[in-house]
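For reference, the structure discussed in these notes is given below.
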Amino acid sequence: MQAVQSFSALVLAAGKGTRMHSDKPKVLHTLLGEPMLWYVLEAVRPLAGDSAYTIIGHGAELVRKQFPEERFILQEEQLGTGHAVLSAWPAILAANPRWCLVINGDTPLIDGVMLERFCAAMMHDEVDLAFVTTTLEDPLSYGRVVRDGSGLVSGIVEAKDFDPKLHGEPTGEINAGIYLLRVATMGPLLSKISADNKQGEYYLTDLVDLAVRGGLRVGTFNAGDVGDSLSCMGVNSPLELADSEDVLRRRAVQALLRGGVTIHLPDTVSIGPRVLVEPGAEIFGPCELCGAVHICRGAVLESHTWVKNSSIGSGSVVRSFSHLEGATVGEGCVVGPYARLRPDAVLETGARIGNFVEMKKARLGKNAKASHLTYLGDAEVGEGANIGAGTITCNYDGKRKHLTEIGPRAFIGSNTALVAPVRIGADALVGAGSVITKDVPDASLAVARGKQQCFARRQTEEPGTQNEKRSG
């Protein structure tokens with residue numbers, strides 16, 4: 001379904017989420033590296049486009065900071081879902097849509113296809129109000145759907161207010177918290193919602209009762225008709241967060257397996273929703289990929305690797321226990337084991353870094369290598385250069401960062417400190433143990449260390465004699 005001018009959406013994200021036992025807004029708790037609100041916005045965007053608004057309250061500034069591009073409406077007091085929609089209604093009227101989708105921001109498993117089908121079906125039926133339902137063996141704290149003798153919806157009753165004497169025996173059918181409102185007819189009813197309940201809050205569910213009593217058309221859409229009803233479930237506790245994250249993880253792994261990616265020990269592999277893995281890549285678990293990651297065909301990720309916001313080129317191997325964040329690895333490279341690539345680390349084609357090598361804002365040229373025990377920060381390393389064990393670029397003077405340049409085919413001896421800003425020329429050789437503070441010309445040898453001196457050892461007595469005398 002194409003986003004249309006007459007369609008808006010409201011995402012309810014103002015609640016604190018008391019059962020999460022966290023000071024962080026509930027919708028900012030993450031699953032596979034992304035806040036749960038992210039999943040809801042991604043599902044809503046194809047429908048509402050730029051006309052999606054998020055209602056925030058508790059921790060509002062934290063939510064704004066996490067999603068700087070989104071449109072927000074502040075609910076000053078959190079007095080229930082009905083109050084939240086009423087607070088946002090002036091913005092909806094200003095956008096002048098025909099329909100408004102309302103959805104909770106704590107439903108990270110939501111299926112965008114289901115949302116599209118729900119909206120399409122209800123708009124086709126020209127209902128005034130519609131909501132998604134599903135049936136659970138244990139309805140928990142979800143609002144119960146109440147129907148009359150003919151099966152028509154007569155209302156939704158919150159779990160805390162449900163009374164079998166008044167509402168009949170519960171059927172397990174619950175309100176999934178997803179609504180489609182015809183703006184022209186629902187607007188006047190919003191102001192009639194009452195807080196006359198045990199919680200003293202304005203429930204959006206009361207809108208259903210008002211619409212039924214007003215003779216308006218109310219429709220329902222069973223989520224089970226098009227897929228797993230689990231997709232409608234909200235997250236209200238750390239346990240539910242963990243369960244939902246595992247559902248998303250299994251979905252992602254299975255999609256990659258079906259798409260031609262080889263995954264060993266798939267139950268131990270975590271794949272974020274923005275990760276792209278090309279067919280022909282190979283992943284060994286345990287492994288975690290999150291953020292914007294691109295793994296090319298033929299790349300291999302060995303076990304115990306962690307990759308975030310990075311790309312790994314075709315034919316490259318990331319060996320075990322390596323940590324990559326914001327890095328770019330070209331084709332045919334080798335990383336690790338036990339390597340760390342920090343933001344803006346770049347390996348060009350055929351470059352190699354080995355165990356206990358760290359790179360940050362540094363570029364390793366084509367076929368260059370740093371095999372072990374090295375730190376390269378704010379550095380440009382030329383093609384074919386060889387960085388010996390224990391080499392460090394001293395890039396920080398206490399106030400500013402400075403650049404180290406190492407020319408093509410240069411050889412840096414072990415245990416060398418390069419004090420930036422400094423340039424090592426092409427084909428230059430730096431002797432082991434040097435502290436280089438000045439530029440080294442091309443094809444030159446640089447040695448900067450104290451002159452070795454040897455002294456004869458005095459042995460007037462047998463070794464250990466003095467100690468023996470003192471102890472005696």
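Could you rank Trp89, Trp38 by how accessible they are, 1.4 Å probe, largest area first? Intermediate results must be reported in sequence, preceding the final value.
Numbers: Trp89 15, Trp38 45 Å².
These residues rank, largest area first, as Trp38, Trp89.
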Worksheet item: If Lys and Arg each add +1 and Asp and Glu each add -1, what is the summed charge of the other residues whose beta carbon sits under 12 Å from the beta carbon of Lys192?
Response: -2
Worksheet, complete the sentence: Here the FRET efficiency for Asp439 versus Lys16, based on Cβ atoms and R0 = 51 Å and rounded to 0.05, is 0.30
Fill in: lysines whose Cα lies under 19 Å from that of Lys26, excluding same-chain neighbours fewer than 8 positions away
Lys16, Lys65
Practice prompt. Could you state how much accessible area Lys160 has, in square angstrom rounded to the nearest 10, with a 1.4 Å probe and all protein chains kept in place?
Written response: 130 Å²
Response to the item:
Subtracting the Cα-Cα distance of Arg342 and Asp196 from 0.36 nm times their residue separation yields 47.0 nm
Fill in: HN-Hα J in Hz across the stretch 320-332 - Karplus 6.51, -1.76, 1.60, θ = phi - 60°, x for Gly and Pro
4, 6, 9, 10, 10, 9, x, 10, 10, 10, x, 6, x
Worksheet entry | Check: the chain dipole with +1 on Lys, Arg Cβ and -1 on Asp, Glu Cβ, in debye | 2060 debye
Worksheet item: Which net charge results for the neighbourhood of Thr349, defined as the other residues with beta-carbon distances under 10 angstrom from its beta-carbon, given Lys and Arg at +1 and Asp and Glu at -1?
Response: -2
Discussion item. Cut-off under 26 Å on the C-alpha distance; same-chain residues fewer than 8 positions from Lys399 excluded. Which lysines are left, in chain and number order?
Written reply: Lys360, Lys361, Lys438
Worksheet entry | Placed amide H near Arg147: partners under 5 Å, 5+ positions off or other chain | Ser154
Worksheet item: Any idea which of Val63, Ile283, Tyr396 is furthest toward the positive side of the dipole for the chain, if Lys and Arg beta-carbons carry +1 and Asp and Glu beta-carbons -1?
Response: Tyr396
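Just the accessible area per residue of the chain, please: how many Å² with a 1.4 Å probe? The partial results should precede the final answer.
Numbers: 22760 Å² over 472 residues.
Result: 48 Å² of accessible area for each residue.
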Worksheet entry | Per-residue ³J(HN,Hα) for the stretch 344-360, Karplus 6.51 cos²θ - 1.76 cosθ + 1.60, θ = phi - 60°, Hz, x for Gly and Pro | 6, 7, 10, 10, 7, 3, x, 6, 9, 10, x, 5, 6, 10, 10, 10, 9
Worksheet item: So what are the ³J(HN,Hα) numbers for the stretch 272-288, from phi and the Karplus equation (6.51, -1.76, 1.60; θ = phi - 60°), rounded to whole Hz, Gly and Pro as x?
Response: x, x, 9, 8, 10, 10, 6, x, x, 6, 9, 10, 10, x, x, 7, 10
Worksheet item: Which whole DSSP H helices in the chain pass both tests: a Cα extent of 15 Å or more along the axis and a mean Kyte-Doolittle value no lower than 0.0?
Response: 36-48, 81-95, 112-124
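Compute the relative contact order of the chain as a whole-number percentage, counting only Cα pairs closer than 8 Å that sit 6 or more residues apart in sequence. All intermediate terms of the calculation are to be shown ahead of the outcome.
Working: 1169 pairs, mean separation 37.8, N = 472.
Worked out over the chain, it gives 8 percent.
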Worksheet, complete the sentence: The simple spin-label model distance between Leu152 and Ala242, using points 7 Å out along Cα→Cβ, in nm, is 4.7 nm
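Using a 1.4 angstrom probe on the protein heavy atoms only, line up Phe7, Phe356 by accessible area, largest first. It would help to have the intermediate numbers written out before the result.
Working: Phe7 5, Phe356 115 Å².
Per-residue accessible area, sorted high to low, gives Phe356, Phe7.
Can you give the FRET efficiency for Gln254 and Glu69, using 1/(1 + (r/R0)^6), R0 = 41 Å, r = Cβ-Cβ distance, to the nearest 0.05?
Details: r = 31 Å, r/R0 = 0.75.
With R0 = 41 Å, the Cβ-Cβ based efficiency is 0.85.
Could you work out what % of the accessible surface of the chain is carbon and sulfur, using a 1.4 angstrom probe and leaving DNA, RNA and ligands out of the count? Don't skip to the answer; put the middle values down first.
Values: 11310 of 22760 Å².
Taking all protein chains in place, the chain shows 50 percent carbon and sulfur surface.
Ordering Arg19, Arg423 from largest to smallest accessible area (1.4 angstrom probe), what's the sequence?
Numbers: Arg19 130, Arg423 90 Å².
Of Arg19, Arg423, the descending order of accessible area is Arg19, Arg423.
The values are calculated or read from the model by the stated rules, or taken from the named source; none is laboratory data. Because the structure is predicted, anything quoted here is derived from the model rather than measured. Positions of Cβ are backbone-derived with ideal geometry, glycine not excepted, and every protein chain shown enters the neighbour counts. Side chains included, ligands, DNA and RNA excluded: accessible areas come from the protein's heavy atoms. Shrake-Rupley method; radii C 1.70, N 1.55, O 1.52, S 1.80 Å.
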